Amino acid sequence: MHPADWRLINGERLEAIPAVLARARGNAVARTLSASEWLLRRKRDGRFVAVGRGGAVRELQRGILERADRDDLAALEHADQRGAAPRPVAGLLRRLHELGLDEAGYADDAGLALVPEPHVLCWAGRDRYRRPLWLLGPAAGAWRAMQRAARADGIVLEAISGYRSHDYQLGIFRRKLARGQSVAEILRVNAAPGFSEHHAGDAMDIGTPGERAAEESFEATPAFAWLQRRAGDFGFTMSYPRGNPHGIDYEPWHWRHGAG
Ligand SMILES: [Zn+2]
């Protein structure tokens with residue numbers, strides 16, 4: 001399969017990515033992966049739990065697939081056909097309530113809306129850390145075209161981060177709660193799970209080599225000057241300019257596709 005056709009199929013509990021993307025650690029795992037089409041990751045704990053080929057699924061470790069994971073396997077096959085359609089948010093809401101987070105109150109206070117995850121995301125290359133970068137199809141194509149155009153002008157644009165799941169953001173919350181922080185304290189620094197533009201797959205953080213990720217100093221770089229001039233031509237707009245109505249700190253690195 002050509003990389004442009006690689007997909008992340010997004011379920012409620014599991015996500016499937018092409019097996020070729022995994023770096024195998026041992027020979028046995030390498031053989032299993034090379035014979036597989038899909039690699040299944042449990043979103044909640046980030047563990048690789050199974051491989052698949054056609055309709056057949058094999059656990060990577062006996063008993064690692066929980067019953068609810070197995071129920072999600074059938075749903076994954078349908079997710080493939082749903083494309084960019086948003087996934088239901090009932091599971092997210094349940095978990096926000098478990099954290100003691102009132103999503104309606106938070107939405108009002110922050111002036112932000114709940115952001116569902118899509119069913120399918122497309123390969124958009126790799127980010128600065130060599131991790132797979134997943135975006136909605138149109139955003140993925142636009143990002144790659146914009147990166148090429150910048151390169152032709154002598155500017156190197158790097159992706160810092162693209163799609164992030166609700167589980168990813170919930171994980172940040174769980175770790176900070178475990179360290180003794182309160183929900184209110186965490187919310188001062190992190191968006192509530194479910195409320196980040198990164199969940200939708202059309203927003204990304206952009207950087208340039210030699211510049212620290214997600215720092216305001218990015219605004220002084222030639223890369224940022226280039227983005228201000230040209231990003232609009234590729235459908236990207238800055239979500240949080242200075243003095244934005246959401247009261248979110250200025251984020252010169254955070255750009256969203258198709259919003260303008
Ligand atoms: Zn961002």
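The values are calculated or read from the model by the stated rules, or taken from the named source; none is laboratory data. All values reported here derive from a predicted model rather than from experimental measurement. Glycine gets a Cβ as well: all are built from the backbone with ideal geometry, and neighbour counts include every protein chain shown. For the accessible areas, the whole protein counts, side chains as well, though only heavy atoms, and no ligand, DNA or RNA atoms are used. Shrake-Rupley method; radii C 1.70, N 1.55, O 1.52, S 1.80 Å.
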- Hypothetical label at Glu37: residues of the range 108-141 whose amide nitrogen lies under 20 Å (7 Å Cα-Cβ projection): 119-123
- the chain - percent of accessible surface contributed by carbon and sulfur, probe 1.4 Å: 49
- Query: Considering only the other residues whose Cβ falls under 12 Å of the Cβ of Met238, what net charge follows from Lys and Arg at +1 and Asp and Glu at -1?
  - Reply: -2
- Query: Given a 1.4 Å probe and the protein chains all in place, what does the accessible area of Val156 round to, in Å² to the nearest 10?
  - Reply: 50
- Note on the structure: Quarter of the surface of the C-alpha convex hull for the chain, i.e. direction-averaged projected area in nm², equals 15.2
- Task: Would you mind pulling out the separation of the Cα centroids of the range 25-94 and the range 188-243, in Å?
- Result: 31
- Message: Taking R0 as 41 Å, what FRET efficiency do you get between Ile64 and Arg188 from their Cβ-Cβ distance, rounded to the nearest 0.05?
- Response: 0.65
- Pop out the ³J(HN,Hα) list for the range 18-23 in order, Karplus 6.51 cos²θ - 1.76 cosθ + 1.60 with θ = phi - 60°, rounded to Hz; leave Gly and Pro as x. x, 4, 5, 6, 7, 8
- Sorted by accessible area with a 1.4 angstrom probe, largest first, how do Leu65, Leu99 fall? Leu99, Leu65
- Hey, what's the range 90-257 come to in accessible area per residue, 1.4 Å probe, Å²? 46
- Zero-based 5 Å bins, Cα pair distances in the range 3-82, whole percents: 3, 16, 29, 27, 17, 6, 1, 0
- Note on the structure: Taking Cα pairs closer than 8 Å and at least 6 residues apart, the relative contact order of the range 160-260 in percent is 27
- Task: Taking all protein chains together and a probe of 1.4 Å, list Met238, Met204, Met1 from the most accessible to the least accessible.
- Result: Met1, Met238, Met204
- Item | Spacing of the two label points (7 Å from each Cα toward its C-beta) at Asp45 and Asp80, in nm | 2.7
